[in-house]
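Notes follow once the structure below has been shown.
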Amino acid sequence: MKTKEKPKSTDSLISPNMDTMEKPLEPFQQYLQSLCAEDRERIELFFQDFTCQCQLNKQNTKLMREDFERAFLLYHAQGIPLAQALKRLNLKYLGGFYARHSQLWFPLDDAAKIYPISLGHGSMSLFRVSAYLYQDVVPELLQIALHFCMKRFPSFATTLKKGVFWHYLDSSKRRFLVEEERDIPCQPLAVNLSASQSFRVLHYHNRISVEFFHVLTDGLGGMCFLKVLVAEYLRLLGVEIQHGASLWDINDTPQYSEFENAFSRVPKGEKSSGFIQRMAVQMNGRLSETKPCRVLHFNMSADKLKAVAESYHTSVTVYMLAQIFYAIRAATDELQGEIAVQVPVNMRKFYPSKTIRNFAMYCGIRIPLEKELDFPAMLAEISKQLKEKSGKEIQTEMLNSTVRLVNTMKYIPLVIKQPIAKAVYGILGDKVFTSALSNLGQVALPPTMAKHVRSMDFVLGTSRSNRALCGLLTVNKVSTLSISKMTLDPSFEEKLYDLLCQDGLEIEVEGSSSYVG
Amino acid sequence: MLVKITYPEVTKCALHQRKLIHILRWPAGLAVYICPIVNIATGGVAWSLLVLFGIYLLWRFLLATDLVEYNRISQSSKLTLALCGAVGLVDILFSLNIALFVMPMLCFTGLCIASILFFTDLQKQKQNMLPMLFFLFICLIAGLLGVFLYKANFAWIYILLFTTSVGLLLSSIVLLGEDFLLEFKRRFHTR
């Protein structure tokens with residue numbers, strides 16, 4: 001029986017043989033073909049240099065290369081001349097960071113040691129810092145900006161590892177990722193996979209956000225990174241940025257002092273204070289399964305806020321704390337007990353340090369519910385407590401306690417101390433506080449950068465027991481109070497809003513809808 | 001209070017691991033509570049120990065996975081040791097007298113799998129050196145003990161386990177070189 005033969009050449013004219021057809025060119029190849037020979041050669045030289053600059057594994061190198069290709073395509077689409085594009089994307093900004101294997105590793109600072117120990121499924125100490133620009137973010141350029149920035153922050157180019165006695169950060173050279181924001185803010189990071197990042201960079205419309213696992217840094221360190229990232233992003237957009245004391249230059253060489261465990265430099269004293277405190281009253285409202293279940297930002301004029309605080313002869317922090325206390329009172333049915341608000345204290349003001357690792361302690365402002373105080377009396381009480389408890393002596397005592405505790409436990413293997421520490425943290429944890437207010441203060445930006453940044457915010461991550469956590473900062477005459485909620489009960493934020501408005505503050509509220517699990 | 005929405009809408013996603021833990025902990029807890037009581041009441045072989053161990057394995061490896069250093073090498077070595085524990089438990093409960101033969105075979109298999117994962121991607125996996133070394137040392141000590149204590153027909157298994165462990169340890173030291181010492185320094189730091 002004859003087999004049916006394949007169609008011959010006459011059939012190929014009607015239905016051409018697919019093997020001989022050219023595959024459609026990829027966009028970058030099409031772009032290259034559209035260039036003159038000289039420009040094509042310049043790009044080829046660029047990518048030859050890239051091969052030397054990027055010695056990561058095959059997959060990461062391919063992805064990074066594609067990042068640069070997308071950047072070229074973007075510039076071309078925007079009508080930016082190739083010379084300008086090459087100048088902005090100059091590979092000198094990679095600084096050989098991805099060309100060499102690193103032997104760097106970082107023991108966790110004394111404040112960070114508790115964070116991996118207290119890790120739980122769905123429970124991770126995170127915070128987020130965000131910058132709002134006047135135009136939508138261009139993700140291709142943000143990705144390149146991140147590639148360029150990483151060399152300046154070697155302690156962030158790490159992955160969390162488990163030692164026999166303590167966790168530590170091990171250098172991890174990889175393509176660090178920029179993602180579009182699609183999920184609830186401050187969700188736990190997967191730090192358990194090989195070479196996983198302990199931070200994430202997100203973009204959404206005109207907002208650039210960076211979320212950090214607290215092992216890496218504190219609020220000030222995180223803000224430092226965000227400023228550098230945004231500055232680099234703006235430079236790629238063609239904005240000339242002046243660097244200075246308030247903004248690190250990515251081309252400066254990282255110094256030891258910028259990544260030291262500053263806790264070890266503090267002179268050891270005899271006095272130390274304990275950590276154990278009484279349980280505090282918690283706000284009403286069922287703890288949501290989804291945490292945070294809502295994030296809100298109260299944007300207000302910094303000048304007006306300062307004027308209001310000054311009208312009460314007090315500081316912005318004390319004023320805001322007082323309003324928070326009143327809002328908490330309205331958000332709880334309890335009639336007895338103590339309201340306690342945790343206030344982080346930046347130790348750099350007592351012991352100057354350039355470190356961007358954790359270097360903060362905290363104090364607790366505690367007022368009994370039974371004490372009925374009018375507003376001036378409340379301000380006076382909070383001011384008194386803040387002055388006493390956030391002073392250098394007491395903070396140093398607390399720091400000494402932390403260091404002493406760490407030194408006592410250092411020879412106990414993790415396999416023994418982790419479950420014990422986790423159990424203790426689970427019992428006490430954040431139940432000794434009702435809420436927290438972390439004030440990053442005035443964020444300084446160079447004038448050339450400040451005019452491109454509309455506002456910034458600082459969001460504290462989730463809590464096991466506290467129903468609301470507050471972060472405050474000021475930039476470009478806009479103060480933003482960010483509230484992360486762990487309950488759908490709106491009593492706290494609604495009362496706080498009313499109280500602030502009653503004092504004449506005009507507040508624009510932005511945020512998320514409620515995340516119902 | 002009018003809120004301008006500036007965050008993306010999040011769609012209801014599939015059951016997250018933590019929600020699964022939240023839901024499954026109740027039936028698991030019930031089983032942990034009921035099985036020993038039934039076992040004690042009905043008497044006989046302590047089968048509830050096997051059930052409890054099985055629940056622990058499922059929980060540990062499928063639901064409440066490691067939050068730090070969850071990689072193929074650490075998980076394969078932990079699973080091997082867990083299976084050895086299961087075999088030992090079965091042997092004790094049912095007097096099968098197979099554990100001393102099966103356990104070293106399991107360890108040898110686990111060692112082969114871990115070493116393939118380790119040596120085929122050495123540059124990346126040297127950061128996962130400790131789980132590998134920890135498992136190697138356990139196998140080495142088990143092999144050594146078996147060689148001296150267990151002089152029956154199956155001593156060859158222990159000799160195989162011991163020599164393989166020593167070989168892999170030496171290979172790690174030779175291939176990693178300076179990195180081996182540096183990794184040790186990191187893993188055992190007390191700073």
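Restricting segment B:155-191 to residues that are of a type in the set (G, A, S) and in a helix (DSSP H, G or I), which is farthest from the other protein chains (Cβ to nearest Cβ)? Walk me through how you get there before you give the answer.
Initial filter on segment B:155-191 (of a type in the set (G, A, S)): B:155, B:165, B:167, B:171-172, B:177.
Keeping just the survivors that are in a helix (DSSP H, G or I) gives B:155, B:165, B:167, B:171-172.
Working: B:A155: 32, B:S165: 20, B:G167: 24, B:S171: 20, B:S172: 17 Å.
Only one residue tops the list, namely B:A155.
In segment A:88-99, is there at least one residue being part of a loop (DSSP other than H, G, I, E, B), free of Cβ contacts under 8 Å to residues at least 24 places away in the same chain and over 20 Å from the mean Cα position of the chain (by Cα)?
The answer is yes; a qualifying residue exists.
Scan segment A:312-330 residue by residue and report those that are among the polar types (S, T, N, Q) and surrounded by fewer than 18 Cβ atoms within 10 Å (Cβ to Cβ).
A:S315
Criterion first (at pLDDT 95 or above and either over 34 Å from the mean Cα position of the chain (by Cα) or exposed (fewer than 14 other Cβ atoms within 10 Å of the Cβ) (or both)) does A:K8 satisfy it?
When the stated conditions are applied, A:K8 does not pass them.
Condition first: away from chain A (no Cβ under 14 Å) and within 13 Å of the chain's Cα centre (by Cα). Now tell me which residues in segment B:115-137 satisfy that.
Initially, segment B:115-137 is screened for residues away from chain A (no Cβ under 14 Å), giving B:115-116, B:119, B:135-136.
Residues satisfying the conditions are B:F135, B:L136.
In the list B:A64, B:A86, B:A31, which residue meets the criterion of being surrounded by 13 or more Cβ atoms within 10 Å (Cβ to Cβ) and within 13 Å of chain A (Cβ to nearest Cβ)?
Answer to the selection: B:A64.
I'd like to check something: does segment B:10-25 contain any residue that is at pLDDT 90 or above and either within 29 Å of B:S171 (Cα to Cα) or among the hydroxyl-bearing types (S, T, Y) (or both)?
No - not one qualifying residue is present in segment B:10-25.
Do we have any residue at all in segment A:263-270 that's of a type outside the set (A, V, I, L, M, F, W, C), more than 24 Å from A:F106 (Cβ to Cβ) and not in a helix (DSSP H, G or I)?
Within segment A:263-270, one or more residues are of a type outside the set (A, V, I, L, M, F, W, C), more than 24 Å from A:F106 (Cβ to Cβ) and not in a helix (DSSP H, G or I).
A:F106 versus (1) part of a loop (DSSP other than H, G, I, E, B); (2) buried (at least 19 other Cβ atoms within 10 Å of the Cβ); (3) within 14 Å of chain B (Cβ to nearest Cβ): which is the lone unmet condition?
Looking at each condition in turn, A:F106 falls short on (1).
If I filter segment A:447-459 for residues that are touching a Cys at 6+ places or on another chain (Cβ under 9 Å) and under 29 Å from A:E510 (Cα atoms), do I get at least one hit?
Looking for residues that are touching a Cys at 6+ places or on another chain (Cβ under 9 Å) and under 29 Å from A:E510 (Cα atoms), one finds at least one in segment A:447-459, hence yes.
Scan segment A:148-187 residue by residue and report those that are within 12 Å of chain B (Cβ to nearest Cβ) and farther than 27 Å from B:F134 by Cβ.
A:E179, A:E180, A:E181, A:R182, A:D183, A:I184, A:P185, A:C186, A:Q187
How many residues are closer than 15 Å to A:A112 by Cβ and touching a strand residue (DSSP E or B) at 6+ places or on another chain (Cβ under 7 Å) if we restrict to segment A:395-427?
Residues in segment A:395-427 being closer than 15 Å to A:A112 by Cβ and touching a strand residue (DSSP E or B) at 6+ places or on another chain (Cβ under 7 Å): 2 in total.
Consider A:N407 carefully, then state whether it is surrounded by fewer than 16 Cβ atoms within 10 Å (Cβ to Cβ), in a helix (DSSP H, G or I) and out of contact with any Phe, Trp or Tyr (no Cβ under 8 Å at 6 or more places or on another chain).
yes
Given the criterion among the small types (G, A, S) and within 25 Å of B:L130 (Cβ to Cβ), identify the matching residue among B:A46, B:A64, B:A28, B:A99.
Selected residue: B:A64, the only one of B:A46, B:A64, B:A28, B:A99 that is among the small types (G, A, S) and within 25 Å of B:L130 (Cβ to Cβ).
Inspect all residues belonging to segment B:4-25 and state whether any of them is farther than 30 Å from A:R182 by Cβ, without any contact (Cβ under 8 Å) to a residue 60 or more places away in the chain and away from chain A (no Cβ under 11 Å).
no
On the given criteria, is A:S246 hydroxyl-bearing (S, T, Y) and at pLDDT 95 or above?
When the stated conditions are applied, A:S246 does not pass them.
For A:D136, all conditions in the list (1) farther than 30 Å from B:R191 by Cα; (2) more than 10 Å from every other protein chain (Cβ to nearest Cβ); (3) touching a residue at least 40 places away in the same chain (Cβ under 8 Å); (4) touching a Leu at 6+ places or on another chain (Cβ under 8 Å) hold save one; what is the number of the exception?
(4)
For segment A:351-398, how many residues meet the condition of being over 20 Å from A:M283 (Cα atoms), under 29 Å from the mean Cα position of the chain (by Cα) and not aromatic (F, W, Y)?
Matching residues across segment A:351-398 total 20.
State the number of residues belonging to segment A:288-308 that are among the β-branched types (V, I, T) and within 11 Å of chain B (Cβ to nearest Cβ).
First, the residues of segment A:288-308 that are among the β-branched types (V, I, T): A:290, A:295, A:308.
Of the ones still in play, those that are also within 11 Å of chain B (Cβ to nearest Cβ) are A:290, A:295.
Total meeting the criteria: 2.
Specify which of the listed residues (A:A262, A:A307) is modelled with pLDDT of 90 or more, hydrophobic (A, V, I, L, M, F, W, C), surrounded by fewer than 19 Cβ atoms within 10 Å (Cβ to Cβ) and farther than 28 Å from A:P185 by Cβ.
Numbers: A:A262 fails: surrounded by fewer than 19 Cβ atoms within 10 Å (Cβ to Cβ).
Answer to the check: A:A307.
Take residues that are touching a Gly at 6+ places or on another chain (Cβ under 7 Å) and tell me which of the helices (runs of 4 or more DSSP H) falling wholly in segment B:73-154 contain 3 or more.
Here the list reads B:99-119.
Across segment A:44-57, which residue is nearest to A:R174 (Cα to Cα) among those that are under 35 Å from the mean Cα position of the chain (by Cα) and assigned to a helix (DSSP H, G or I)?
This residue is A:Q53.
Pairs please, first residue from segment A:484-510 and facing chain B (nearest Cβ under 8 Å), second anywhere and among the aromatic types (F, W, Y) and assigned to a loop (DSSP other than H, G, I, E, B), Cβ atoms under 9 Å, 6+ apart in sequence or on different chains.
A:E510/B:Y7
Would you be able to say whether some residue in segment A:450-463 is farther than 21 Å from A:S209 by Cβ, touching a residue at least 12 places away in the same chain (Cβ under 8 Å) and either away from chain B (no Cβ under 12 Å) or crowded, with 24+ Cβ neighbours inside 10 Å (or both)?
There is no residue in segment A:450-463 that is farther than 21 Å from A:S209 by Cβ, touching a residue at least 12 places away in the same chain (Cβ under 8 Å) and either away from chain B (no Cβ under 12 Å) or crowded, with 24+ Cβ neighbours inside 10 Å (or both).
With the requirement that a residue be within 13 Å of another protein chain (Cβ to nearest Cβ) and outside any loop (DSSP other than H, G, I, E, B), what does segment A:119-130 give you?
Hits for segment A:119-130 are A:G120, A:S123, A:R128, A:S130.
Being of a type in the set (A, V, I, L, M, F, W, C), more than 8 Å from chain B (Cβ to nearest Cβ) and within 22 Å of B:L182 (Cβ to Cβ): is that true of A:L220 here?
No, not satisfied.
Counting only residues that are part of a helix (DSSP H, G or I) and either buried (at least 20 other Cβ atoms within 10 Å of the Cβ) or without any contact (Cβ under 8 Å) to a residue 12 or more places away in the chain (or both), how many does segment A:356-377 have?
Adding up the residues that qualify gives 1.
What is the residue count in segment A:192-217 for residues that are at the interface with chain B (Cβ under 9 Å from one of its Cβ atoms) and either surrounded by 23 or more Cβ atoms within 10 Å (Cβ to Cβ) or not in a loop (DSSP other than H, G, I, E, B) (or both)?
Selection size over segment A:192-217: 2.
The values are calculated or read from the model by the stated rules, or taken from the named source; none is laboratory data. Remember, predicted model here, so these are calculated numbers, not experimental data. Here the Cβ is made from the backbone with ideal geometry for all residues, glycine too, and neighbour counts use every protein chain on show.
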